[in-house]
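Undergrad: Take this structure, written in structure tokens, and hold onto it; I'll ask about it next.
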Amino acid sequence: MISLKPPVSEFVATRGTRLHVRRWGPPDAPMLFMLHGWMDISASFQFVVDALAGDWQVIAPDARGFGLSDWPVAEGKSGHYWFQDYLADLDALLDHYAPASLRGEPVNLVGHSMGANVVCLYAGVRPERVRRVVDLEGFGMAKAKAERSPARIAQWLDDLRAPPSLSTYATLDDVAQRLIRTNPRLPMAKARFLAQHWAKLDDTGRYHLLADPAHKMRGPLLYRLDEVMAVWAKVQAKVLHVEALASPTLAMIAANVPIDEFKQRFKAFADWREEIVDHAGHMLHHDQPERVAALIEAFCA
């Protein structure tokens, strides 16, 4: 598979961590910042970038602990990844690539899954810096019950004693097949393209994923929906939520809560609208990149 729009690869240092950034498009074009999901990489947006009709400068980092960015937890700096660090990294990347956003020229943020949760929170914490938010399959998490806290902390302590690991693979085609098992809609050509960026040959002759296994560790703190909604309420940007039809991820997170009831949380946003994408799953930017690109461009134009 040949990429229509090759990226430039750059590194930006922030708070002692070096972040890898893929940048597509002319430097004088309007900017789109794209943040990937959990266990993913910035190259994941290649298909959407290729489908963009207009001239955009797309800036997509590998989140800390993923891809070619530093793995600070693996280097022994802490026990697990704190979600707030992703917001701090985004803040630093905007300082680097979009300093004008500090002077009243806000930017467009696009995020998928975990990245969508990052951009939605950031837009509430730094509302003056954000013009538009596109949330691709970002739902937040299930509302946590306080009585779960002792077990959560105990699980965290257990994980610190026995850190998790990730599987390795004999060939890149095995990595591609792993991606297809997660997303059966993914054609082999796309899977092979992603695999070459998602994994690297190690000293043993096997391919390991470019993801710090410490990401599998859950932190000791519960998900506080009331706090999240309080941040969302501060968002001044218009928010576009893009969701797969009959989203299996939404159904999994909502669990026994009716979907309509679960999605009441989005009323916290002052200006929120929704688009549903058919023939797609959670990785809708892989399944329907043309549709996703068109929605992003129309919303951020």
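Only the coordinates and a few stated rules stand behind these numbers; no lab work does. Bear in mind that the values here come from a model prediction, so they are computed numbers and not experimental data. No Cβ is skipped: glycine too gets one built from the backbone with ideal geometry, and neighbour counts run over all protein chains shown.
Undergrad: Considering the Cα positions of segment 147-194, please state its Rg to one decimal place and its Dmax as a whole number of Å.
TA: Reported Rg and Dmax, both Å: 17.1, 47.
Undergrad: Oh, and also: Which one of Ala214, Ala146, Ala237 has the biggest mean-square fluctuation once the chain is modelled by GNM with Cα springs under 10 Å?
TA: Ala146
Undergrad: Collect residues whose amide H, placed 1.01 Å from N in the peptide plane, falls under 5 Å from the amide H of Thr14; neighbours closer than 5 in sequence don't count.
TA: Placed amide hydrogens put Leu19 under 5 Å from Thr14.
Undergrad: Could I ask something else about it? Quick one: of the DSSP bridges fully inside segment 1-159, what percent are antiparallel, nearest 5?
TA: Working: 11 of 24 bridges.
In segment 1-159, DSSP labels about 45 percent of beta bridges as antiparallel.
Undergrad: With 10 angstrom as the radius, rank His96, His241 by how many other C-beta atoms surround their C-beta, starting from the fewest. Write down the numbers at each step before the final one.
TA: Numbers: His96 15, His241 21.
With the sparsest Cβ surroundings first, the list reads His96, His241.
Undergrad: On a 27 Å Cα-Cα criterion, which of the cross-link pairs Lys5/Lys267; Lys145/Lys267; Lys143/Lys238; Lys5/Lys263; Lys190/Lys263; Lys216/Lys267 come out too long? Mind showing how you got there, number by number?
TA: Working: Lys5/Lys267 37 Å; Lys145/Lys267 21 Å; Lys143/Lys238 24 Å; Lys5/Lys263 36 Å; Lys190/Lys263 32 Å; Lys216/Lys267 31 Å.
Cα-Cα > 27 Å for Lys5/Lys267; Lys5/Lys263; Lys190/Lys263; Lys216/Lys267; rest within.
Undergrad: Follow-up question, since we're still on this one. Quick check: Cα centre of segment 246-301 to Cα centre of segment 120-140, how many Å?
TA: Taking the Cα centre of each part, segment 246-301 and segment 120-140 sit 14 Å apart.
Undergrad: Turning to a different aspect of this structure: Just to be sure I understand: of the beta bridges DSSP finds with both ends in segment 117-272, what percent are antiparallel, rounded to 5? If you can, show how the numbers build up before the last one.
TA: Details: 5 of 11 bridges.
Of those bridges, close to 45 percent are antiparallel.
Undergrad: If you look at just the Cα atoms of segment 157-301, how large are its Rg and its Dmax in Å?
TA: Cα radius of gyration and Dmax of segment 157-301 are 18.9, 53 Å respectively.
Undergrad: Please give me the summed charge of the neighbours of Lys145: other residues whose Cβ is under 12 Å from its Cβ, Lys and Arg +1, Asp and Glu -1. Don't skip to the end; give the middle numbers.
TA: On the way: positive: Lys143, Arg148, Arg152, Arg224; negative: Glu147.
Within the 12 Å Cβ shell, the charges total +3.
Undergrad: Then there's this: Antiparallel versus total DSSP beta bridges in the chain: what percent is that, nearest 5?
TA: Working: 17 of 41 bridges.
Roughly 40 percent of the beta bridges in the chain run antiparallel, per DSSP.
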